[in-house]
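To start, the structure under review is shown below, and the notes come after it.
The values are calculated or read from the model by the stated rules, or taken from the named source; none is laboratory data. No experiment lies behind these values; they were computed from the predicted model shown. Neighbour counts run over all protein chains shown; Cβ positions are idealised from the backbone, glycine included.
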Amino acid sequence: MFNIEEFDIKLDTDFIGRNFIYSDEVDSTNSLLLTKKDFNIDGTVLLAEFQRSGRGRKNRTWISNAGQNLTFSILLINEIKENKANHINLGASLAVAQALENLYQLNVELKWPNDVLVSKKKISGILIESSSKGSKINRLVVGIGINVNQPNFPGKFEIQPTSIRKEFKSTVSREKLLSEILNNFEIIYYQLKKNATKILNDWRNRCKLIGEKIKIVEEDKILNGVFEDIDEDGFLLLKVGNKIEKIYFGDVSLR
Ligand code: BTN
């Protein structure tokens, strides 16, 4: 059971997670926050113990044992410009990384656009989705899945999963972890509103692939090049020959 009181005591935010919805089972926390217009408080967090159809990027599924991990979404309903959504995407993975470093001293690596890795294995994934009104985004949902206390991951995966329990060699408090992530996320969110430079640099510092030869798989297209940098909007800059190509989507791997 998730102890809401314990979570609440540690929550130190103005608005993120102040409206907190706890649910046993949903289809997907992202789908629910995005489509159900009754949810209309900025910063609402919906946590589910189990998702019947948890979703990942590129129509993948997110599978997570009931009651052992964290699967939650954050609703942002202030008007958000398109390029800011991308910043929030990187910012969310940074918030998770900082929490794993601060609480468990894990050596975290970030993979563009928003995978969180420990020992080259995936410990957390983020799916950001939005609905728009005219040219502005009016609902943005930041969905975060973290493998917390799950002891093993049977099956075949593109990137091998791991959990905090496996890496830290102990079960940990999901309440403390969630509050730490939301606390970090709010600070990052405020910082992004002013100026994204620091957050982009903090993200860069945790991305070990910058400068490496990488392969980008984007639907049926494969691109080989050198991971030059991310630009000021958070898109990947790939050096192919003498040209720099801007990458908006895709999966990155080492060549
Ligand atoms: C990925 O790595 O492809 C992203 C995974 C995102 C999973 C989270 S779990 C909470 C939220 N609800 C969903 O259906 N997906 C996200």
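Values computed for the structure shown
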| read-out | value |
| --- | --- |
| Count of residues meeting criterion [closer than 13 Å to residue 204 by Cα and of a type in the set (Lys, Arg)] in segment 99-120 | 1 |
| Failed item, numbered, when residue 248 is tested on (1) of a type in the set (Ser, Thr, Tyr); (2) at pLDDT 95 or above; (3) loosely packed, with under 12 Cβ neighbours inside 10 Å | (2) |
| Filter pass, residue 176 being closer than 19 Å to residue 95 by Cα, assigned to a helix (DSSP H, G or I) and at pLDDT below 95 | no |
| Identity of the residue in segment 5-41, hydrophobic (A, V, I, L, M, F, W, C) and within 12 Å of the ligand (Cβ to nearest atom), that ends up surrounded by the most Cβ atoms within 10 Å (Cβ to Cβ) | 33 |
| Long-range neighbours under 8 Å by Cβ, at least six apart or interchain, first residue part of a strand (DSSP E or B) within segment 140-155, second more than 13 Å from the ligand (Cβ to nearest atom) and among the β-branched types (Val, Ile, Thr) | 140/77; 140/80; 140/88; 142/88; 146/164 |
| Any hit, segment 57-75, residues being in contact with a Leu (Cβ under 7 Å, 6 or more places away or on another chain), more than 10 Å from the ligand (Cβ to nearest atom), of a type outside the set (Phe, Trp, Tyr) and at pLDDT 95 or above | yes |
| Single condition residue 84 does not satisfy, out of (1) out of contact with any Phe, Trp or Tyr (no Cβ under 8 Å at 6 or more places or on another chain); (2) surrounded by fewer than 16 Cβ atoms within 10 Å (Cβ to Cβ) | (2) |
